Amino acid sequence: MGNTVTTNQSLCNRITGQRIRFLTGFTAPHDWLEMEAIWPPASKEPPLHYHPYQEEIFEILEGELSIRLPGGVRVYPKGAVIRIAPGTPHSMWNAGASEVSVNWKVWPALETAGLLYNLYGRVNDGLPSHQKELSLPVIIYLLIKYDRCLRLAKPPVWVIYFLYYLFQPFYLVMNYRKRFYRL
């Protein structure tokens, strides 16, 4: 099932301050998904991750973006275009003192919009204001639900699946299937 996203829908992560605005809408999971992403100054580096079936293209519109790729960390200036092939471990953040704005394309789109809505929705709606990160069961659930879109570089995928099966009774009791957004 493909996601349905319309142009100019926006998301904001209240913990990281990152904002995303969808520039394209799509109805099929094989289409491009194009977004504008904005990182606030001095943002934290997220976990190293990869997209097993998706290519990403980032064009820096404003500021400088730090990106960890195999081979180390580089800081990319305004105007730089970075292409990340499927399966390439990476992370990106804003280590600078001013906002960074990036045009971000993902192909094929797959369920990326659903992942972002659920990730940001859990952060914004599902966490008490004092909590600064998602719980392990939620992280594991989202990693399995969106396994075609996003995987952590560590731990190995089999560990994530093992934890998912351990959490199954909890997911059933807490009705996770109905707690997460469907697009």
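The values are calculated or read from the model by the stated rules, or taken from the named source; none is laboratory data. In this text, all values refer to a predicted model and were calculated from it rather than measured experimentally. Because the Cβ atoms are built from the backbone with ideal geometry, glycine has one as well, and the counts that use them run over all protein chains shown. Side chains included, ligands, DNA and RNA excluded: accessible areas come from the protein's heavy atoms. Shrake-Rupley method; radii C 1.70, N 1.55, O 1.52, S 1.80 Å.
A few notes on this one:
- Correct choice for Cα extents along the principal axes in Å that was computed from the model, options (i) 44, 37, 30; (ii) 56, 41, 36; (iii) 49, 33, 32: (iii)
- Solvent exposure of segment 1-120 as accessible area per residue, Å², 1.4 Å probe: 46
- For the chain, the 222 nm mean residue ellipticity estimated from helices alone, with every DSSP H stretch of n ≥ 4 adding -39500 (n - 2.57) and the total spread over all residues, rounds to -6500 deg cm²/dmol.
- Net charge over other residues, Cβ less than 12 angstrom from the Cβ of Asn103 (K, R count +1; D, E count -1): -2
- Spacing of the two label points (7 Å from each Cα toward its C-beta) at Glu64 and Arg83, in nm: 2.6
- For the peptides 36-49, 104-117, the ranking by packing is 104-117, 36-49, with the highest mean count of neighbouring Cβ atoms within 10 Å listed first.
- The residue list Tyr165, His90, Ile60 was ranked by how far each Cα lies along the charge dipole of the chain toward its positive end, using unit charges on Cβ atoms, and Tyr165 comes out on top.
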